[in-house]
2 protein chains.
Amino acid sequence: MTEFTSRRLEIDALRALWAIRHHGGITRAAEALGLSQSAVSHKIKRLETSLDCDLLSRKPGAAMFTAAGEDLLDYAGRILGLHDEALLSLSKTSLAGRVALGLTEDTTCTDLARILGRFRRLHPNVSVRTKVRMSLVLRGMLERGELDAAIVQVFAHEVRPTDVVLFREALHWVKHPDLPLSQDGPIPFLSFDDECFYRRWALDIGQDGGVVLETVFECASAAGIVAAVTSGLGVALLNGRHLQPDMEIIAKGLPAPPALAYVVRRGRKVRNPALDTLVAEIESEISRYGGLALAS
Amino acid sequence: MTEFTSRRLEIDALRALWAIRHHGGITRAAEALGLSQSAVSHKIKRLETSLDCDLLSRKPGAAMFTAAGEDLLDYAGRILGLHDEALLSLSKTSLAGRVALGLTEDTTCTDLARILGRFRRLHPNVSVRTKVRMSLVLRGMLERGELDAAIVQVFAHEVRPTDVVLFREALHWVKHPDLPLSQDGPIPFLSFDDECFYRRWALDIGQDGGVVLETVFECASAAGIVAAVTSGLGVALLNGRHLQPDMEIIAKGLPAPPALAYVVRRGRKVRNPALDTLVAEIESEISRYGGLALAS
DNA sequence: GATTACACATGACAAATATCGATCAAGGCA
DNA sequence: TGCCTTGATCGATATTTGTCATGTGTAATC
């Protein structure tokens, strides 16, 4: 009979497992969950003992999860989804209204999609309209009242008290190791398109520091920039996610790039209960996992 | 921040909620779960505190669950389904083979349907073929090796050590209050059809006790018998589930009806790992909830 | 209207279990 | 090699969870 009490999956343990996958490691997961590393380690251990099988491989080089771990991870995702939806549904208040939401392309394939889907399900009377644009464009639309809120990239020092920070990110100057940087001549710059707001920073600051950047390549997608960097076309500003092994971070000679943050920024509209709820759900998800996970 | 740790649904608590619905009350649920009544009461209380809303109405006469309770119950069912499936999937052993299973009509709409569905999903390489027949027929098929196992109704004293008891049931002689029972003449008997094994008991025992039963009505479905009893056509043998307010249980004048049990009875086949697993899953479900629930 | 039976709530306490901080072991990397 | 990061482990607390004993409210019975 004790067999059955021991064979029970704790919600918290499943969430820990999930966080380990999301954050790539026990220590980081613990941090995100607001627990100590040993607590998370123990949680997984208990889970493994109660299931009598290994979930993490603990072998360096190999994948982090065993087959059983991956298997359980799949169930964990579904169980947690239902669990969180159950929690929300108990506090729902038959919401109705409209929400016009702006997103950057980067964030569409993160947890946000999941949250938005759930929000639709829980509040069928709220019409959510989303627009995907670049951060600068979204900010303009916010200003003009065309959006109720948007998820935009901003400089870390520009984060407003009313913004909800999803995650922070560092920018790096990168180049291919083989590309020499001459001190005098203009530096070849690989740039996102015109509306990319840190491209503007690069061109402005560049002038202050006496460094001259010459845009030799312009591409709207990160993939294009990455390809251009690895083929040695020039230097670029990339965030940590896009760093590749064959890229070299330029430590000196260029002004230190600013830190970035992805935030939920609200428009000027006075009252919008549906938006309040949506933002609250995003916030809750963030504090539960210590930030949103990016698509891997 | 502590708000989020407190807002967490324990699997055990959800199972308790589910058991309360299944067994119709905290005390019975506690018994089924192998816990004390106060433990279950506490569990629900904690759940309510953490959710900050009432789940059980505690008002006599009213429904047992509040709206929020019903809401959560729905999620609980789905979460527990996933949870249990996750547990099973981790111990699955890529089963293959064939199982020929017999069922009585009564049991098709119980938890068994759910268990069979899950079994199919978890073991797609096992072909499960089910046949719905009356208990006596199923027993014959078991004898002849046409079935690997069957869920049949048997007299409680005929339960074999190898049988897995799903639940037990009492039979009652019932009649309409207005129907007089003459001591001398034959008693009008409302019977299931010929293959109903306790109809045979009724006719046999009837003769021993000097009581003469005359079958005045024959119908394969319980609903038909119920209708016949309430219209005063005669007496019948019915199980507790089919008792109605306007029926009178006949305490004397007729031999005490035997107790019944629904059991999983296996056929003679030597080895069948797929069947072993299926029976094990049914057993596990039983001990988890203290018996299978009937359709309400 | 007292009484009994029943189902549930509640409080105190004991046992189990989770968490933390500190420490330890192992691998990756300069 | 020595440093640094990551995760395992240990002992000490803190929290959770169950049980027992008891209290409360409701209905049925005399």
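Read-outs throughout are calculated quantities, based only on the coordinates presented, and are distinct from any laboratory measurement. The structure presented is a predicted model; accordingly, all values stated were derived computationally and were not measured. Positions of Cβ are generated from backbone atoms using ideal geometry, with glycine treated the same way; all protein chains shown enter the neighbour counts.
Some points to look at:
- Degrees separating the helix A:37-51 axis from the principal Cα axis of chain A, which is the longest one: 50 degrees
- Dividing the summed helix terms, -39500 (n - 2.57) for each DSSP H run of n ≥ 4, by the number of residues in the protein assembly as shown produces a 222 nm estimate of -13500 deg cm²/dmol to the nearest 500.
- Additional length obtainable on full extension of the chain from A:Gln183 to A:Ser127, 0.36 nm per residue less Cα span: 14.7 nm
- Amide H within-cut-off set for B:Ala149, under 5 Å, with H built and near neighbours excluded: B:Ala100, B:Gly102, B:Gly267
- Other-chain or far-sequence residues with amide H under 5 Å of B:Leu56's (modelled H): B:Thr66
- Take every pair of alpha-carbon atoms less than 8 Å apart whose residues are at least six positions apart; their mean separation over the length of segment B:2-89 yields a relative contact order of 26 percent.
- For A:Glu146, the distances from its label point to the matching points in the remaining copies are 7.3 nm, ordered from shortest, with each point set 7 Å beyond Cα toward Cβ.
- B:Val132 long-range amide H proximity, modeled H, under 5 Å: B:Leu103
- For A:Asp276, the distances from its label point to the matching points in the remaining copies are 6.1 nm, ordered from shortest, with each point set 7 Å beyond Cα toward Cβ.
- In chain A, lysine pairs with alpha-carbon atoms under 22 angstrom apart (chain gap of 8 or more, or interchain): 4
- Peptide B:7-13 has a mean of 5 when you count, residue by residue, the C-beta atoms of other protein chains within 10 Å of its C-beta.
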